[in-house]
Amino acid sequence: MSSRALGRRRGGLAPLATVTAAALTFAVLLVLVRLRWPPLESADHRAAAGINGLIAGNATLVTVVKAVTWLGSDGVLWTVVGAAAVVLALRRQWRLAV
C-alpha cells in the first residue's frame, strides 16, 4: 500500500471519530434529560428563563422564535421528507427515495 493511500485512509477516520464523539455526547445528554438529572434540569430552567426574559418584551423576536419553532414542526418535517422522496423517485434513485 502506498503512503498516499495510507494518508487518505487515516484522514478518513477523523470525521468518523468526530461524528461518533458528537453522537456519544448527545446520547449521554439525552439520558441525563430523561432521568431529570437535577443540575441539567436547573441549567435548562435558568437558560429558558433568561431567554424568555430577553424575548418576551419584543414582538418581533417573539414572531421570529415562533417561526423557527414552526419550521421544526412535524408537518414541515413530513412535507420536506415527502418532497425529497418525490424528487429522488423522479431521478429514479429508488433506494434513497425509500
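The values are calculated or read from the model by the stated rules, or taken from the named source; none is laboratory data. Since we're looking at a predicted model, the values are computed, not measured. All Cβ positions, even for glycine, are placed from backbone atoms using ideal geometry, and neighbour counts span all protein chains on display. Areas reflect the complete protein model, heavy atoms only, side chains present, ligands, DNA and RNA absent. Shrake-Rupley method; radii C 1.70, N 1.55, O 1.52, S 1.80 Å.
Some points to look at:
- Expressed as a whole percent, the accessible surface of the chain that belongs to carbon and sulfur atoms is 69, based on a 1.4 Å probe.
- The magnitude of the dipole of the chain, with charges of +1 and -1 set on the Cβ of Lys/Arg and Asp/Glu and taken from the Cα centre, is near 700 debye.
- Gyration tensor verdict on the chain (Cα atoms; rounded if a/c is under 1.5, prolate if a/b is larger than b/c, oblate otherwise): oblate
- Shape class of segment 36-93 from the Cα gyration tensor (axes a ≥ b ≥ c, square roots of the eigenvalues): oblate, since a/c reaches 1.5 or more and a/b does not exceed b/c.
- Listed residues V31, V80, I55: farthest to the positive end of the dipole of the chain (Cβ charges): V80
- Excluding ligands, DNA and RNA, the accessible surface per residue across segment 6-98 is 87 Å² with a 1.4 Å probe.
- Sites excluded, trypsin sites (Lys or Arg not before Pro) in DSSP loops with at most 13 other C-beta within 10 Å, longest stretch of the chain: 37-90
- Helix runs (DSSP H) in the chain reaching 20 Å along axis by Cα, Kyte-Doolittle at least 1.0: 13-34, 74-90
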